[in-house]
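To start, I am sharing the structure in question, which I have written as structure tokens.
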Amino acid sequence: MTEIELTVNGRLVRETVEPRLLLTDFLRHGLGLTGTHVGCEHGVCGACTVLLDGVSVRGCCVLAVQADGGRVETVESLAGRGPLTRLQESFRSHHALQCGFCTPGILMAATELLSRGTPTRGEIVDMLSGHLCRCTGYTPIVDAIEACVDSTRAGGGGA
Amino acid sequence: MKPAPFAYTRPESLAEALAALADGGEDAKPIAGGQSLVPALNLRLVRPTLLVDLARAGLDGVAANGVLRVGATVRQAALGREERAHPLVRAALPYVGHVVTRNRGTVGGSIAHADGAAELPLCLVALDGTVVVDGPDGRRTMAAGDFFVTHFSTALAPGELVVETTWPLRKVDEACAFEEIALRAGDFAQSMVAVVLRRDDAGVVTAASVAVGAATDRPTRLPGVEALLVGSSGADAAADAGALAATLVDPPESIHASARYLRAVTGALTARAVERAS
């Protein structure tokens with residue numbers, strides 16, 4: 001067993017874990033943060049994507065012990081119990097989800113992408129190549145993310 | 001699935017990491033980004049008894065002094081943003097997995113894993129880079145062409161670690177191109193080709209590097225194609241270079257593609273890369 005200490009959604013967490021515990025299972029079973037979904041568990045589907053130290057990573061391909069000392073953000077960090085973020089609102093208005101299984105992972109990857117500047121539609125599509133969605137056909141997801149790029153520009157970068 | 005149990009240690013220096021690997025014996029494995037290893041753990045394709053995490057081993061530096069020296073645990077995404085990196089590397093990196101895996105996956109990890117369909121090993125061989133390894137018998141530097149043996153197999157001795165790779169910088173008379181075909185964006189390549197050409201003032205090719213991967217079991221230079229290109233303009237010999245390349249590879253058949261198709265694709269990618277390297 002190994003003791004780890006990390007920040008999850010702004011909260012300091014200290015736990016003793018088995019080295020083989022995946023970050024996804026630590027978040028879901030250990031902390032009850034079930035917004036992070038588990039799909040394939042071998043790095044193909046992207047459903048488990050979370051932010052680790054500000055960049056998107058596959059939660060199923062990171063051991064919890066590797067996140068020791070790090071800062072993890074999950075889909076629960078976006079809106080919490082408050083109003084939806086602009087990106088989440090955009091997913092809703094563009095019908096960018098149906099069953100919603102892939103949505104938390106895509107929201108986190110898109111959050112990172114948008115934080116890096118003003119991605120082109122091509123860059124959004126390239127980012128989405130790491131995520132499987134079996135409902136939407138992807139186009140509404142690309143539209144939803146692209147709309148946030150435009151509104152950021154129009155808003156002069158304001159929040 | 002979930003990994004089988006293992007012990008875990010995260011040393012604070014390279015010396016401690018090497019000692020931990022030596023103590024752990026043949027079932028100890030180093031872990032860096034884990035983007036190949038953790039999926040293999042999850043599927044229980046590998047069952048190490050000890051993982052030695054290199055995150056704090058001090059292997060994350062990048063320096064340029066004649067060549068670009070890239071520490072083993074430098075993230076692939078960081079290399080992609082590195083302006084001093086050879087344009088061939090920057091052209092190939094978008095093909096390495098996905099944004100999310102490049103954020104975590106390391107340069108040294110990709111080299112040491114030695115997947116025959118991996119882009120970074122191909123670029124290192126095409127550019128005549130080197131692999132610096134450290135281990136029980138001390139530090140040594142190997143030519144990239146000598147490092148890769150076959151799929152997932154390298155010249156690393158037991159207990160040795162890749163600590164750094166060195167990448168030649170772009171020469172002023174160089175042009176390059178990278179071409180790849182895969183079933184889906186970000187998926188493993190079916191075939192890929194890297195071409196680097198040097199030309200004199202008259203536009204005549206004076207030196208050529210042509211390397212193919214995925215259709216071969218390791219990054220493979222094609223000296224016959226390189227010789228064919230020297231003395232040409234590049235573009236005027238592209239079709240011949242492709243036709244010759246297609247005869248020089250012997251790809252394994254799979255459910256996705258016949259060997260004949262993969263040979264044809266490798267030829268087409270070679271011709272295209274030669275044409276674009278101008």
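The values are calculated or read from the model by the stated rules, or taken from the named source; none is laboratory data. Being a predicted model, the structure only gives us computed values, none of them experimental. Glycine gets a Cβ as well: all are built from the backbone with ideal geometry, and neighbour counts include every protein chain shown.
Considering each residue of the stretch B:61-96, count those that are more than 28 Å from B:SER278 (Cβ to Cβ), at pLDDT 95 or above and of a type outside the set (Val, Ile, Thr), and give that number.
Looking only at the stretch B:61-96, we keep the residues that are more than 28 Å from B:SER278 (Cβ to Cβ), and these are B:61-63, B:65, B:69, B:71-75, B:77-78.
Then drop every residue that is not at pLDDT 95 or above, which leaves B:61-63, B:69, B:71-75, B:77-78.
Now narrow it down to the ones that are of a type outside the set (Val, Ile, Thr): B:61, B:63, B:69, B:71-72, B:75, B:77-78.
Of the residues in the stretch B:61-96, 8 are more than 28 Å from B:SER278 (Cβ to Cβ), at pLDDT 95 or above and of a type outside the set (Val, Ile, Thr).
Same structure, new question: Among the residues of the stretch A:8-37, write down those that are β-branched (Val, Ile, Thr), touching a Gly at 6+ places or on another chain (Cβ under 8 Å) and within 13 Å of chain B (Cβ to nearest Cβ).
Those that are β-branched (Val, Ile, Thr), touching a Gly at 6+ places or on another chain (Cβ under 8 Å) and within 13 Å of chain B (Cβ to nearest Cβ): A:VAL17, A:THR24.
Which condition does B:GLN35 not pass, out of (1) free of Cβ contacts under 8 Å to residues at least 40 places away in the same chain; (2) part of a loop (DSSP other than H, G, I, E, B), if it passes all the others?
(1)
While we're on this one: Can you spot a residue in the stretch A:120-128 that is touching a strand residue (DSSP E or B) at 6+ places or on another chain (Cβ under 8 Å) and either among the aromatic types (Phe, Trp, Tyr) or not assigned by TED's automatic domain parsing to the domain that holds A:VAL72 (or both)? Can you show your working first?
Taking the stretch A:120-128 first, the residues touching a strand residue (DSSP E or B) at 6+ places or on another chain (Cβ under 8 Å) are none.
Among the residues of the stretch A:120-128, not one is touching a strand residue (DSSP E or B) at 6+ places or on another chain (Cβ under 8 Å) and either among the aromatic types (Phe, Trp, Tyr) or not assigned by TED's automatic domain parsing to the domain that holds A:VAL72 (or both), which makes the answer no.
Only one of these is more than 10 Å from every other protein chain (Cβ to nearest Cβ) and in a loop (DSSP other than H, G, I, E, B): B:ARG44, B:ARG104. Name it. Lay out the reasoning, then the answer.
Values: B:ARG104 fails: more than 10 Å from every other protein chain (Cβ to nearest Cβ).
Among B:ARG44, B:ARG104, only B:ARG44 is more than 10 Å from every other protein chain (Cβ to nearest Cβ) and in a loop (DSSP other than H, G, I, E, B).
Could you list all residues from the stretch B:165-188 that are touching an Asp or Glu at 6+ places or on another chain (Cβ under 9 Å) and within 14 Å of another protein chain (Cβ to nearest Cβ)? Explain how you work it out, then say what you get.
Restricting attention to the stretch B:165-188, the residues satisfying the condition of being touching an Asp or Glu at 6+ places or on another chain (Cβ under 9 Å) are B:168, B:173, B:177-178, B:180, B:185-186, B:188.
Matches in the stretch B:165-188: B:GLU180, B:ALA185, B:GLY186, B:PHE188.
Any idea which of A:VAL50, A:VAL65 is at negative phi, buried (at least 17 other Cβ atoms within 10 Å of the Cβ), at pLDDT 95 or above and facing chain B (nearest Cβ under 9 Å)?
Numbers: A:VAL50 fails: facing chain B (nearest Cβ under 9 Å).
Unique residue meeting the criteria: A:VAL65.
Just to be sure, is A:VAL65 part of a loop (DSSP other than H, G, I, E, B) and either farther than 21 Å from A:ARG116 by Cα or of a type in the set (S, T, N, Q) (or both)?
Details: part of a loop (DSSP other than H, G, I, E, B): no; either farther than 21 Å from A:ARG116 by Cα or of a type in the set (S, T, N, Q) (or both): yes.
Answer is no for this residue.
It is to be established whether one or more residues within the stretch B:56-79 are assigned to a loop (DSSP other than H, G, I, E, B), within 12 Å of chain A (Cβ to nearest Cβ) and aliphatic (A, V, I, L, M).
No, the stretch B:56-79 has no match at all.
Looking only at the stretch B:201-237, count how many residues are touching a helix residue (DSSP H, G or I) at 6+ places or on another chain (Cβ under 8 Å) and either among the charged types (D, E, K, R) or not assigned by TED's automatic domain parsing to the domain that holds B:ALA182 (or both).
2
For the stretch B:1-41, which residues satisfy the criterion of being at the interface with another protein chain (Cβ under 8 Å from one of its Cβ atoms), farther than 22 Å from B:VAL107 by Cα and within 27 Å of the chain's Cα centre (by Cα)?
B:PRO3
Separate question: Kindly list the number of the only condition in (1) surrounded by fewer than 22 Cβ atoms within 10 Å (Cβ to Cβ); (2) in contact (Cβ under 8 Å) with a residue 40 or more places away in the chain; (3) under 21 Å from B:ARG69 (Cβ atoms); (4) of a type in the set (Asp, Glu) that fails for B:GLU164.
So B:GLU164 meets the others, but not (1).
Moving to a separate point now. Looking at B:THR270, B:THR247, B:THR206, which is the one that is at pLDDT 95 or above, buried (at least 24 other Cβ atoms within 10 Å of the Cβ) and on the phi < 0 side of the Ramachandran plot?
On the way: B:THR247 fails: buried (at least 24 other Cβ atoms within 10 Å of the Cβ); B:THR206 fails: buried (at least 24 other Cβ atoms within 10 Å of the Cβ).
Residue meeting the stated conditions: B:THR270.
Please find, among B:ASP115, B:ASP128, the residue that is under 14 Å from B:ALA155 (Cα atoms), part of a loop (DSSP other than H, G, I, E, B) and either within 14 Å of chain A (Cβ to nearest Cβ) or not aromatic (Phe, Trp, Tyr) (or both). Give the derivation first.
Values: B:ASP128 fails: under 14 Å from B:ALA155 (Cα atoms).
When all the criteria are applied, what remains is B:ASP115.
If B:ALA91 meets every condition in (1) among the small types (Gly, Ala, Ser); (2) within 26 Å of A:CYS61 (Cβ to Cβ); (3) in contact with a helix residue (DSSP H, G or I) (Cβ under 6 Å, 6 or more places away or on another chain) apart from one, which number is that one?
Going through (1) among the small types (Gly, Ala, Ser); (2) within 26 Å of A:CYS61 (Cβ to Cβ); (3) in contact with a helix residue (DSSP H, G or I) (Cβ under 6 Å, 6 or more places away or on another chain) one by one, B:ALA91 breaks only (3).
Return the residues of the stretch A:98-141 that are more than 10 Å from every other protein chain (Cβ to nearest Cβ), crowded, with 16+ Cβ neighbours inside 10 Å and among the hydroxyl-bearing types (Ser, Thr, Tyr); say none if nothing qualifies.
If the condition is that a residue be more than 10 Å from every other protein chain (Cβ to nearest Cβ), crowded, with 16+ Cβ neighbours inside 10 Å and among the hydroxyl-bearing types (Ser, Thr, Tyr), then A:THR103, A:THR111, A:THR136, A:TYR138 are the ones that fit.
So, of the residues in the stretch B:186-198 that are in contact (Cβ under 8 Å) with a residue 12 or more places away in the chain and part of a loop (DSSP other than H, G, I, E, B), which turns out to be surrounded by the most Cβ atoms within 10 Å (Cβ to Cβ)? Step through it out loud before you land on a result.
Quick first cut of the stretch B:186-198, residues in contact (Cβ under 8 Å) with a residue 12 or more places away in the chain only: B:186, B:188-198.
Narrowing the set further to residues that are part of a loop (DSSP other than H, G, I, E, B) leaves B:186, B:188.
Details: B:GLY186: 18, B:PHE188: 16.
Within the stretch B:186-198, the match that is surrounded by the most Cβ atoms within 10 Å (Cβ to Cβ) is B:GLY186.
With (1) out of contact with any Gly (no Cβ under 7 Å at 6 or more places or on another chain); (2) within 11 Å of another protein chain (Cβ to nearest Cβ); (3) surrounded by 17 or more Cβ atoms within 10 Å (Cβ to Cβ); (4) of a type outside the set (Lys, Arg) as the list, and B:VAL99 as the residue in question, which single condition is left unmet?
So B:VAL99 meets the others, but not (1).
Also: Check B:GLY34, B:GLY71 and return the single one that is of a type outside the set (Asp, Glu) and either surrounded by fewer than 20 Cβ atoms within 10 Å (Cβ to Cβ) or assigned by TED's automatic domain parsing to the domain that holds B:HIS86 (or both). Break it down into steps so the answer makes sense when it comes.
Working: B:GLY34 fails: either surrounded by fewer than 20 Cβ atoms within 10 Å (Cβ to Cβ) or assigned by TED's automatic domain parsing to the domain that holds B:HIS86 (or both).
Residue meeting the stated conditions: B:GLY71.
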